[in-house]
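Participant: One structure is given below, represented as structure tokens, and several questions about it will come after.
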Amino acid sequence: MNTSPGPESDWRPSATLEVLKLRARLLQRLRVFFSARGVLEIETPALSGTATTDPALASFATHYTGPRFPQGQTLYLHTSPEFPMKRLLAAGSGSIYQICKVFRDGEAGRQHNPEFTLLEWYRVGFDHHRLMDETGELVMDLLAQSMSLQSPERLTYRESFQRHAGLDPFATSADEFGQAARMHGISVSPELVSEKAPDAWLDLLLTHVVEPKLGQGRLTFIYDYPASQAALARIQPGNPPVAARFELYLNGIELANGFHELADADEQRARFERQLHAREAAGLPAVPLDERLLAALAHGLPDCAGVALGFDRLVMLASGAHTIEEVLAFPLERA
Amino acid sequence: MATYSTNEFKAGLKVMLDGDPASIVENEFVKPGKGQAFSRVRIRNLKTGRTIERTFKSGETIEAADVVDVEMQYLYNDGQFWHFMNPESYEQMAADKNAVGDNAKWMKEQDVCIITLWNGLPLIVEPPNTVTLKVTETDPGLKGDTSGGGGKPATLETGAVVRVPLFVKEGETIKVNTRTGEYLSRA
């Protein structure tokens, strides 16, 4: 992917026709899955006047000028359809799903393309454990033709680190994380060596040491994340408090991320504001808060759990592809 | 001082690592959906030849190595140094064993090699991808040993030993891929 051979050869798709047919079959099959369970397919805007505040996500910005906004208006491409889907839930939609393109600036690699296909769904009345059950059923169903898997396993975030990295993520300091990384043969840049934020070390150990061991021959769900990594999940009190969040792995690949959704508008606003401060401290662009989401939460979000699943990665697993380019007709460098 | 950000990382990029010039072999973008992005690179120290792994935070910068590749003609070996000449400027240069390494076995006088210069001095000498060399020694027999997947060893004029098909005779010249060490064809 480093050198483009030029239009005379790269006008062609990077995915085989066979893989594109597999994509189409999987899309059909997942629609059957949700339709049979009475989950409604919906669509929400890809362009929005507001953007995610998450410092780990960079939104593309574009500009609209015309009727309704004669002076012009900045519009952001969504990084996930989460906020408008929650507005639908608050408006009484019941359980819903969406399959759509999402956009993330700065992300390209073996498992990343800056635009990719996300399957996102919300189940009213579910907590994250019930949604893990359903996510497992869907993924096993979609992969049934491609591989045989044992029944899924569930590990807490803490157990996954204890088992695969030999440390307790909740009782380890930045210095000790650094030592652990060295012990696992991970060599980091001088700037990273002096990293003080525990979450950066946890992400390093997760991606370099823990993830490759997850999802071997079966789906692995990781749940009960550090409260500092709650994102949009509710936090369960305890010692330590943990986020009602889960992730799904197969063959070491991160496939899905889910929450028992935070419904408290005040808590949500406080998290947005903390994230905006973190963006400012890191020199990242400020983005407008989604006041409509906060208004919807204030109106009342039904108790629900939601999950986003990377559809392209699912196709990678189903087809045995090594890179995301092999499952996209036209990835970044051919787009 | 020129620098590269992690966004510019790709195979073949020459950077300074721990005070030595190094070449990126492979760069992988790693990022949890909700977390910190990293560049995980495999990188070869051009002085020691050792390849190691190193992880950077996305957006970090690293110093560029003052390295250029030049084409030079191989002249002769004086027992200690390999001497080369720039075919246009006639400028001459000597490379030592560290720079030539195992590639010595493919180097024939007059062949044009690629020399990587660091701060103006030879750091690595790479022979052409394909070289044409004479077979100086090989078993004559066509019957040979068929149990080894066909073929037989042949010693070439530069001292390299490659597997060749049974029909290749002493005194013939053959083409060899220097990157894989494999026989390609009779020349």
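The values are calculated or read from the model by the stated rules, or taken from the named source; none is laboratory data. Remember, predicted model here, so these are calculated numbers, not experimental data. Here the Cβ positions follow ideal geometry from the backbone for every residue, glycine too, while neighbour counts run over all protein chains shown.
Participant: Taking the condition of being under 13 Å from the mean Cα position of the chain (by Cα) and in a strand (DSSP E or B), how many residues in the range A:102-114 meet it?
Facilitator: Selection size over the range A:102-114: 3.
Participant: Name the single residue, out of those in the range B:75-120 being more than 24 Å from residue B:182 (Cα to Cα) and among the acidic types (Asp, Glu), that is surrounded by the most Cβ atoms within 10 Å (Cβ to Cβ).
Facilitator: Within the range B:75-120, the match that is surrounded by the most Cβ atoms within 10 Å (Cβ to Cβ) is B:96.
Participant: I've got another one for you. Is it fair to say residue B:28 is within 11 Å of chain A (Cβ to nearest Cβ), in contact with a helix residue (DSSP H, G or I) (Cβ under 9 Å, 6 or more places away or on another chain) and among the acidic types (Asp, Glu)?
Facilitator: Numbers: within 11 Å of chain A (Cβ to nearest Cβ): yes; in contact with a helix residue (DSSP H, G or I) (Cβ under 9 Å, 6 or more places away or on another chain): no; among the acidic types (Asp, Glu): yes.
Spelling it out, it is not the case that residue B:28 is within 11 Å of chain A (Cβ to nearest Cβ), in contact with a helix residue (DSSP H, G or I) (Cβ under 9 Å, 6 or more places away or on another chain) and among the acidic types (Asp, Glu).
Participant: Which ones in the range A:279-320 are within 20 Å of the chain's Cα centre (by Cα) and among the small types (Gly, Ala, Ser)?
Facilitator: Those that are within 20 Å of the chain's Cα centre (by Cα) and among the small types (Gly, Ala, Ser): A:305, A:306, A:308, A:310, A:318.
Participant: For the range B:1-18, give me each residue that is in a loop (DSSP other than H, G, I, E, B) and within 12 Å of chain A (Cβ to nearest Cβ). Steps first, please.
Facilitator: Going through the range B:1-18, the residues in a loop (DSSP other than H, G, I, E, B) turn out to be B:1-2, B:9-13, B:18.
Residues satisfying the conditions are B:9, B:10, B:11, B:12, B:13, B:18.
Participant: Need the failing condition index for residue A:209 against (1) over 14 Å from residue B:55 (Cβ atoms); (2) free of Cβ contacts under 8 Å to residues at least 60 places away in the same chain, just the number.
Facilitator: If we test residue A:209 against (1) over 14 Å from residue B:55 (Cβ atoms); (2) free of Cβ contacts under 8 Å to residues at least 60 places away in the same chain, just (1) comes out false.
Participant: Could you tell me whether the range A:222-231 includes any residue that is buried (at least 20 other Cβ atoms within 10 Å of the Cβ), within 25 Å of residue A:142 (Cβ to Cβ), at pLDDT 95 or above and acidic (Asp, Glu)?
Facilitator: No, the range A:222-231 contains no residue that is buried (at least 20 other Cβ atoms within 10 Å of the Cβ), within 25 Å of residue A:142 (Cβ to Cβ), at pLDDT 95 or above and acidic (Asp, Glu).
Participant: Additional query: Assuming residue B:107 fulfils every condition listed in (1) under 27 Å from residue A:112 (Cβ atoms); (2) out of contact with any Asp or Glu (no Cβ under 9 Å at 6 or more places or on another chain) apart from one, which condition is it?
Facilitator: It fails just one condition, (1).
Participant: Taking residue A:130, is it surrounded by 20 or more Cβ atoms within 10 Å (Cβ to Cβ) and modelled with pLDDT of 95 or more? Steps first, answer last, please.
Facilitator: Details: surrounded by 20 or more Cβ atoms within 10 Å (Cβ to Cβ): no; modelled with pLDDT of 95 or more: yes.
In short, no.
Participant: Take residue A:174 and tell me if it is among the hydrophobic types (A, V, I, L, M, F, W, C), closer than 30 Å to residue B:4 by Cα, surrounded by fewer than 17 Cβ atoms within 10 Å (Cβ to Cβ) and within 23 Å of the chain's Cα centre (by Cα).
Facilitator: Working: among the hydrophobic types (A, V, I, L, M, F, W, C): yes; closer than 30 Å to residue B:4 by Cα: yes; surrounded by fewer than 17 Cβ atoms within 10 Å (Cβ to Cβ): yes; within 23 Å of the chain's Cα centre (by Cα): no.
So residue A:174 does not fit the description; no.
Participant: Then there's this: Considering the range A:194-209 alone, what residues qualify as being of a type in the set (Ser, Thr, Tyr) and more than 7 Å from chain B (Cβ to nearest Cβ)? Working first, answer last.
Facilitator: Here is the first cut: in the range A:194-209, the residues of a type in the set (Ser, Thr, Tyr) are A:194, A:207.
Hit for the range A:194-209 is A:194, nothing else.
Participant: Follow-up. Looking at A:191, A:176, which one is within 14 Å of chain B (Cβ to nearest Cβ) and either free of Cβ contacts under 8 Å to residues at least 40 places away in the same chain or touching a Phe, Trp or Tyr at 6+ places or on another chain (Cβ under 9 Å) (or both)?
Facilitator: Numbers: A:176 fails: within 14 Å of chain B (Cβ to nearest Cβ).
So the residue among A:191, A:176 that is within 14 Å of chain B (Cβ to nearest Cβ) and either free of Cβ contacts under 8 Å to residues at least 40 places away in the same chain or touching a Phe, Trp or Tyr at 6+ places or on another chain (Cβ under 9 Å) (or both) is A:191.
Let's see how each residue does on (1) away from chain B (no Cβ under 14 Å); (2) in contact with a Leu (Cβ under 6 Å, 6 or more places away or on another chain); (3) in a helix (DSSP H, G or I):
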| position | (1), (2), (3) |
| --- | --- |
| A:172 | yes, no, no |
| A:185 | no, no, no |
| A:211 | no, no, yes |
| A:220 | yes, yes, no |
| A:224 | yes, no, no |
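Participant: Looking at (1) over 30 Å from residue A:231 (Cα atoms); (2) within 14 Å of another protein chain (Cβ to nearest Cβ), which is the one condition that is false for residue B:68?
Facilitator: Here residue B:68 meets the rest and fails (2).
Participant: Regarding the range A:141-151, can at least one residue be identified that is under 20 Å from residue A:225 (Cβ atoms) and either hydrophobic (A, V, I, L, M, F, W, C) or in contact with a Cys (Cβ under 9 Å, 6 or more places away or on another chain) (or both)?
Facilitator: no
Participant: While we're here: Can you tell me how many residues in the range B:37-50 are modelled with pLDDT under 95 and touching a strand residue (DSSP E or B) at 6+ places or on another chain (Cβ under 8 Å)? Step through it out loud before you land on a result.
Facilitator: First, pick out the residues of the range B:37-50 that are modelled with pLDDT under 95: B:44-50.
When the remaining residues are screened for being touching a strand residue (DSSP E or B) at 6+ places or on another chain (Cβ under 8 Å), the result is B:44-48, B:50.
Residues meeting the conditions: 6.
Participant: Turning to a different aspect of this structure: Run residue A:44 past the list (1) in a strand (DSSP E or B); (2) over 29 Å from residue A:320 (Cα atoms); (3) in contact with a strand residue (DSSP E or B) (Cβ under 9 Å, 6 or more places away or on another chain); (4) not basic (Lys, Arg) and report the number of the one that doesn't hold.
Facilitator: The failed condition is (1).
Participant: OK, next. Please work out which one of (1) away from chain B (no Cβ under 14 Å); (2) in a loop (DSSP other than H, G, I, E, B); (3) within 30 Å of residue A:211 (Cβ to Cβ) is the condition residue A:85 fails and give its number.
Facilitator: (2)
Participant: Select the helices (runs of 4 or more DSSP H) contained entirely in the range A:232-335, then report the ones holding at least 1 residues which are touching a Lys or Arg at 6+ places or on another chain (Cβ under 6 Å). Please lay out each step first, then the result.
Facilitator: Numbers: elements: A:265-281, A:291-300, A:311-319.
Result: A:291-300, A:311-319.
Participant: So, of the residues in the range B:43-56 that are crowded, with 18+ Cβ neighbours inside 10 Å and at the interface with chain A (Cβ under 7 Å from one of its Cβ atoms), which turns out to be nearest to residue A:58 (Cα to Cα)?
Facilitator: Among those residues, the one meeting the criterion is B:56.
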